[in-house]
Amino acid sequence: MAHRADTAAGSAAAPPLSDGFGRRFPYLRLSLTEACNFSCSYCLPDGYQADGRPRFLALDEIGRLVRAFAALGMHKIRLTGGEPSLRKDLDAIIETVAAVPGIRKVAITTNGTQLPRRLPGWHRAGLTALNVSMDSLQRDRFKAITGHDRLPEILQGLQMAQALELPSVKLNAVLLRGLNDDELPQWMDFLRERPVSIRFIELMRTGDNEAYFERHHLRADVIIAQLLAAGWSERPRGADAGPAREFGHPGHRGTVGIIAPYARDFCAGCNRLRVTARGDLRLCLFGEFGVPLRPLLQSDDDFDALLARITTQLGLKAAGHGLHRGQTGLIPHLASIGG
Ligand code: SAM
Ligand code: SF4
């Protein structure tokens, strides 16, 4: 495993960045690519279409970026996309990020198709947390939603993650009315003996999926009511907790998380910033503007200017998104920014 970054210098790092609303940002979601090998019906229904624009951030740019955020007190980096496992240099990226002083958690969000082949390498490189997207436990439905019949190998990868005893393994399922909203009993069986967390995510409206959203959006309250009726109860929120509400049950080793971006106060718990695969800082998933950091990622000499650009921009982070008003911001779909 790569050397951990809990050096004296790392643990004495600055307190997390904060904004004008008292929110703290210990957590960066870094997109490594916009490309994807899936065609999820709510995200990239026609698959990824390359547009011939500039290449995605390179390893040395990623190293400089993460060193800057760590110097500003960030301690967790999530690698996402598009599909981050399509990056051939992913082992080296994980190793570089994990070695930055101050970085304590290196997480990835993936569709899981590469797990059987590549998870041991990511683990050796220093990966500490794995989120795998799995919208259905039923093979035919999984294929219908993602466009690919790959559920068996994803389940195999999950077993491998448990054998490797990764500190955190979570699953993501987007709640889709009429497509997967009757599977809670099956998920409960799945969680009985498995110490994983399944996060049900409410479908979000993006620039490209308006009609789909109208057809398939389902409020997470429906699932919460079913959990409570089955004897599950809400767990107290940790200090560093993200936007998920967690539910547990004494008869199950696994837990259920609910991510409901349309809920009141969702943005008050925001603890993350985002950087796109082309190096734009995004203060909000649904924000109206990006701040180019890439010009300051070309040389170590620009380190101070990079810190200054990030901290100045944070002052502009809004209190909340405008999703309720139908404002989806810049993004056509989540693959373009990292969900
Ligand atoms: N390709 C990887 C994956 O699917 O895990 C990482 C990128 S994907 C954009 C990150 C997460 O966003 C996935 O869990 C995906 O299901 C979720 N997602 C994508 N579009 C969404 C939408 N419109 N609403 C809610 N979640 C969405
Ligand atoms: Fe690809 Fe993830 Fe979007 Fe599915 S949700 S199309 S796997 S980026």
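Readers should treat all values here as calculations from the given coordinates under stated rules, not as data from a laboratory. None of the values given here were measured: they were computed from a predicted structure. Here the Cβ positions follow ideal geometry from the backbone for every residue, glycine too, while neighbour counts run over all protein chains shown.
Mind listing whichever residues of the stretch 185-214 are closer than 22 Å to Gly157 by Cα and surrounded by fewer than 18 Cβ atoms within 10 Å (Cβ to Cβ)?
Gln186, Asp189, Arg192, Glu193, Arg194, Pro195
Within the stretch 134-177, the set of residues being under 15 Å from Leu119 (Cα atoms) and either among the hydroxyl-bearing types (Ser, Thr, Tyr) or outside any helix (DSSP H, G or I) (or both) comprises Leu164, Glu165, Leu166, Pro167, Ser168, Val169, Lys170. Considering only residues in the stretch 81-126 that are assigned to a helix (DSSP H, G or I), under 21 Å from Asp280 (Cβ atoms) and away from ligand 1 (no atom under 13 Å from the Cβ), the one that is farthest from the chain's Cα centre (by Cα) turns out to be Thr96. Restricting attention to the stretch 36-61 and to residues that are in contact (Cβ under 8 Å) with a residue 60 or more places away in the chain and aliphatic (A, V, I, L, M), the residue that is nearest to ligand 1 (Cβ to nearest atom) turns out to be Leu44.
Filtered by the rule that a residue be part of a strand (DSSP E or B) and among the hydroxyl-bearing types (Ser, Thr, Tyr), the stretch 207-257 gives Ser233, Thr255. Within the stretch 151-171, being surrounded by 15 or more Cβ atoms within 10 Å (Cβ to Cβ), touching a residue at least 40 places away in the same chain (Cβ under 8 Å) and farther than 22 Å from Arg78 by Cα holds for one residue alone: Glu153.
I need a count of the residues in the stretch 115-133 that are free of Cβ contacts under 8 Å to residues at least 40 places away in the same chain and either buried (at least 18 other Cβ atoms within 10 Å of the Cβ) or at positive phi (or both).
Adding up the residues that qualify gives 2.
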